[in-house]
Each structure stands twice: as C-alpha cells, then as structure tokens.
Amino acid sequence: MTIWTPNLRGREGPLYRILADALGADIEEGRLAAGTRLPTHRELAEKVGVTVGTVTRAYAEAERRGLIGGEVGRGTFVRHRDTPRQFPQPTQDAGDDTLIDLGLNWPATPSGDPAGAALKKSLEALHRSTHLSELLDYQPHAGNTAHREAGAEWMSRFGLDVEPSRIMVCSGGQHAMEVALSTLTRPGDTVLCESLTYPGLKVLASRLHLRLHGVAMDEQGLLPDALETACRTGAKVLFCLPNLQNPTGAVMPEERRRRIATVARRHGLAVVEDDAYGLLLDKRPPPLCTLLPESGWFIAGVSKLLAPGLRIGYLAAPAGPSTERLAEEAALAARMTPALTADITARWVRDGTADELVVRRRREAHERLELARDVLGDLLPRQGRATTYHLWLKLPSPWRAEAFTSQARRRGVVVMPAELFTVGPATAPAAVRVCLGTPRTRASLEKGLHRLRETLEGGPEPLASIV
C-alpha cells in the first residue's frame, strides 16, 4: 500500500471533490502509477483530518471518473490508463490503408454480402404491410409477442429451449448485459468474470458501480478451482463467455462446463452467459445455462452474426423468476427496443435469412483465419481450428503489450493490448488481441497482418520496453 498524502492546498469546493481532484492530479503527473494500492478509507481520513464518509465520497467520485477501482478483499487501486470508459471507435476509413484497424471486433463481411439485399426485401415487405404504423407505437418493455417468439427461435440455434415469455428483446448485447446485471446486482456488489474479459463489461461495471473480480483461466476458459476460491468474496453473479471467449478465443469443453455449473450451484451463483460468437463454431458444447436452468441467464446477440446495425439482442431469464423486474430495468436503460429493427430481425430469423447470413459469416471468418495463419505462421499459438473473428497473440520476450501496440501503430496497424482486457490490478500478460473482421477487404487484412509480422520480427525499438 502506498503512503499517499494528497496536496489539498489552493483547491476549492467540497472536501470530497478536493480529495478526488488531488488524486487525479497525482495520477496525471505520475506520482501515483497504475496498479498502486491506495490507503484505506479510515487511514486516509485520519491522515487528512476528515471523516471516513468524506473519503468514501471522494473515492466514489474518483471511481466515477475512471481513475481508480476497488477489488474485494484487496483494496482500492489506481486504474490502468487503458481501462475503457467508453467504446473505441474505428480508426480506418473506407479504402484507406494508411492505418489498418485490427483492433475492433467486427463481423467478417464477405464481398457481395447479401445483408443489404435482404434488408431491401424486408423493407419492401413492410411497405406492403397493413400493420406498418403499429411499429411506430410504444412497445411493451420486453418486446411484443411476435418479436419475443423470434427471440426464442433464435435461442434454439444456440441449443437453448426457451419459452417466449422468458425472452427480453434488447437493443443489442450490451443492453442485454445491462438489463441482466441491473436486475441481479446493486451498486457496490462484486461480479465474477474471466481474468481477461470483454471491455464492454468493464465499461458497464464502472457505470453501475460494480466491482469486478477476475477468475483465473487457461486455454479452455475459467478454472473451476479458481472459481471456487473466488466465491469466497461473497459474489453472487458470474459473467462469462464460454464460446470463443473475448479476447482469448477459448472454447470451454462440456466437461469443464459441468464442473463450473457444479461450483455455481453450490455457491448460489447466478450465471450470465454471453454467446456473441457461438454460431461460428461448427460443433459447440451445450450452453452453460442448460446445466443451470434455475440460475442461468443467456444472451444471444445478432451484431456479430447478422449485422451490427440491427442493434438487437435477446436475453433469456431463468424459468423461475417473474420478468416484471427485467422489464423495468429494460425500460430504465432504453425505454424500449426499436420495433422496426426488431421486426426486421424477426423476419430474418423466421424466413431463413439469418441462417444464410451466419453461414456466410462463418465461411468468411474461416477464410480470414486461414489467411492469418499463412501470414503469421509459427508466430501464432496452437489455438485449434475453431473459426473465430479474433486471435490472442502472445508476444515473445522481451516484448510488452503496450510497447508492441505503440510500435505496431507506428507501422500502420492497430491492435488491442492485454491491459484493455485485464481485470483489476493484476499484471497484464504480454499479449494483444488481433481482430480479423474489421478490414473491408482481405487484401487490406493481409497488408495489416504483414505489418504485424514485420513489427514482431523487428523486435522492440530501443527503450520501447522501459516504462
């Protein structure tokens, strides 16, 4: 723990805000490094001569600003600068290879993609419909009956048999995450997740004032023994991605899922399972939620499999609880999901368009993955033959993720460092996530991959690994 004494001289305003400002200044000027453990509320209160409540408000304000984060049983730490507070934006303009974006995890869109033609066909059908104006009315918070039925049908593609009454139609997977976590938690609660996790969860946890506790994992995902230990934090919710985990690409085998389910049931954990990429797999284990029908919450989005612009995601709640609270949380987050895009998605699910698009996405992802293997070759780890949109590239010594990311960008290619995905103050591994779907063409992707290989083979520039 650092012996931190804030400089409060010359500052004006409420005491808690003065403390938060002083903390921010010391972080900005390098006096408090990322990962530094801060004094406890009581210790800082005694040192500064204020109440414990003032320090609590100051730390809460600093956490709201994204400066610090709490870890149950470990304390409060200065956040890494790469901890996301908002979603990154693409850095590549259409047709511009000056800076090739392999950082954002977009679906791999093939040349001549039929999604546009399918949209035109759906809009023409809507134009002929006698019920078109109904889509402009306020909708039930959970979605109308037809759209929830389509959600249940979409869930069946993932191996889940769900009654439409348990489905919430959401504005994308992130909205579904927010609805689930808002229903299951209160500010200050701890949520368990993989030690390397989807950055959107970190953004959401910050907004909802939740504490994330990373659970150790290996090439098959969460470790059951580590989850058992993590349950001692008192957490009652686990968020995880068993299929093509983001960022590592791990696919949890069925036997591991059964062990995880056993631990979750023993400790009364609610499990929020996000399956954004699962349909890219030719064969996949049964969803974790099928092993936990009483406590499993399943998210099946369409952004990564059909089209991001639809902004539709489906959330399945467990069989027992009423969906009234879910509907309330959905309304608080977005009032309602736009009925027009929900209707288009429902049409695609029912008429087979969705299945055709998934087949094409899977084929394009496979081709791009093979291209990556051709270019990077032995630099890639042995990750099996699972088709995926992203690779977890482990860097050889003496590379560090931040240095590699900066050096790769100077060569004209963007990747995401491990720090962005690391939960808590743990040291981030020397690795980066490489996304294959963002470039519009395979030629642009190939150029970006060659730049990555050149960066790796060139080694760190002088002083690049020194911080």
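The values are calculated or read from the model by the stated rules, or taken from the named source; none is laboratory data. Just so you know, these numbers come straight off a predicted model, no measurement behind them. FYI the Cβ positions are ideal-geometry reconstructions off the backbone, even for glycines, and counts take in every protein chain you see. Heavy atoms of the whole protein, side chains included, go into the accessibility calculation; ligands, DNA and RNA do not. Shrake-Rupley method; radii C 1.70, N 1.55, O 1.52, S 1.80 Å.
Overview of values
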{"item": "Any chance GLY53 is at pLDDT below 55 and either more than 30 Å from PRO439 (Cα to Cα) or in a loop (DSSP other than H, G, I, E, B) (or both)", "result": "no"}
{"item": "Given (1) assigned to a loop (DSSP other than H, G, I, E, B); (2) open to solvent by less than 30 Å² (accessible area, probe 1.4 Å); (3) farther than 17 Å from ASN246 by Cα, number of the condition THR388 does not satisfy", "result": "(3)"}
{"item": "Residue check, ALA300 crowded, with 22+ Cβ neighbours inside 10 Å, modelled with pLDDT of 95 or more, under 16 Å from the mean Cα position of the chain (by Cα) and not polar (S, T, N, Q)", "result": "yes"}
{"item": "Only listed residue being of a type in the set (D, E, K, R), within 30 Å of PRO287 (Cβ to Cβ) and open to solvent by 10 Å² or more (accessible area, probe 1.4 Å), chosen from ARG128, ARG148", "result": "ARG148"}
{"item": "Residue in the range 459-467 that is open to solvent by less than 40 Å² (accessible area, probe 1.4 Å), modelled with pLDDT under 95 and not in a helix (DSSP H, G or I) present", "result": "yes"}
{"item": "Selection from the range 251-280 of residues that are in a loop (DSSP other than H, G, I, E, B) and touching a strand residue (DSSP E or B) at 6+ places or on another chain (Cβ under 7 Å)", "result": "MET252, LEU269, ASP275, ALA276"}
{"item": "Top-ranked residue in the range 320-359 [being assigned to a loop (DSSP other than H, G, I, E, B) and at pLDDT 65 or above; ranked as surrounded by the most Cβ atoms within 10 Å (Cβ to Cβ)]", "result": "THR337"}
{"item": "Of the criteria (1) outside any helix (DSSP H, G or I); (2) more than 22 Å from ALA428 (Cβ to Cβ); (3) in contact with a Phe, Trp or Tyr (Cβ under 8 Å, 6 or more places away or on another chain), which one ARG9 fails", "result": "(3)"}
{"item": "Scan of the range 430-447 for residues that are in contact (Cβ under 8 Å) with a residue 60 or more places away in the chain, open to solvent by 10 Å² or more (accessible area, probe 1.4 Å) and not in a loop (DSSP other than H, G, I, E, B), ordered by number", "result": "ARG433, ARG442, GLU446, LYS447"}
{"item": "Qualifying residue in the range 111-122 (condition: under 25 Å from ALA300 (Cβ atoms) and of a type in the set (D, E, K, R))", "result": "yes"}
{"item": "Scope the range 407-429; condition touching a residue at least 24 places away in the same chain (Cβ under 8 Å), more than 29 Å from CYS240 (Cα to Cα) and assigned to a helix (DSSP H, G or I); matching residues", "result": "GLN407, ALA408, ARG409"}
{"item": "Any hit, the range 427-441, residues being touching a strand residue (DSSP E or B) at 6+ places or on another chain (Cβ under 9 Å) and at pLDDT below 90", "result": "yes"}
{"item": "Complete set of residues in the range 153-168 that are open to solvent by 10 Å² or more (accessible area, probe 1.4 Å) and part of a helix (DSSP H, G or I)", "result": "GLU153, SER156, ARG157, PRO164, SER165, ARG166"}
{"item": "Selection status of LEU181, part of a helix (DSSP H, G or I), on the phi < 0 side of the Ramachandran plot and surrounded by 15 or more Cβ atoms within 10 Å (Cβ to Cβ)", "result": "yes"}
{"item": "Hits in the range 24-63 (condition: of a type in the set (A, V, I, L, M, F, W, C), under 22 Å from PRO187 (Cα atoms) and open to solvent by less than 40 Å² (accessible area, probe 1.4 Å))", "result": "LEU38, VAL55, ALA58, ALA62"}
{"item": "Matching residues, the range 105-120, being touching a residue at least 24 places away in the same chain (Cβ under 8 Å), in a helix (DSSP H, G or I) and open to solvent by 30 Å² or more (accessible area, probe 1.4 Å)", "result": "LEU119"}
{"item": "Residue in the range 233-242 that is part of a helix (DSSP H, G or I), over 23 Å from LYS202 (Cβ atoms), polar (S, T, N, Q) and over 21 Å from the mean Cα position of the chain (by Cα) present", "result": "no"}
{"item": "Hits in the range 193-247 - residues which are open to solvent by less than 20 Å² (accessible area, probe 1.4 Å), closer than 16 Å to ALA426 by Cα and without any contact (Cβ under 8 Å) to a residue 60 or more places away in the chain", "result": "VAL215, ALA230"}
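Every residue, every condition in (1) modelled with pLDDT under 90; (2) assigned to a loop (DSSP other than H, G, I, E, B); (3) not hydroxyl-bearing (Ser, Thr, Tyr), yes or no:
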residue	(1), (2), (3)
VAL203	yes, no, yes
SER206	yes, no, no
LEU212	no, no, yes
ALA230	no, no, yes
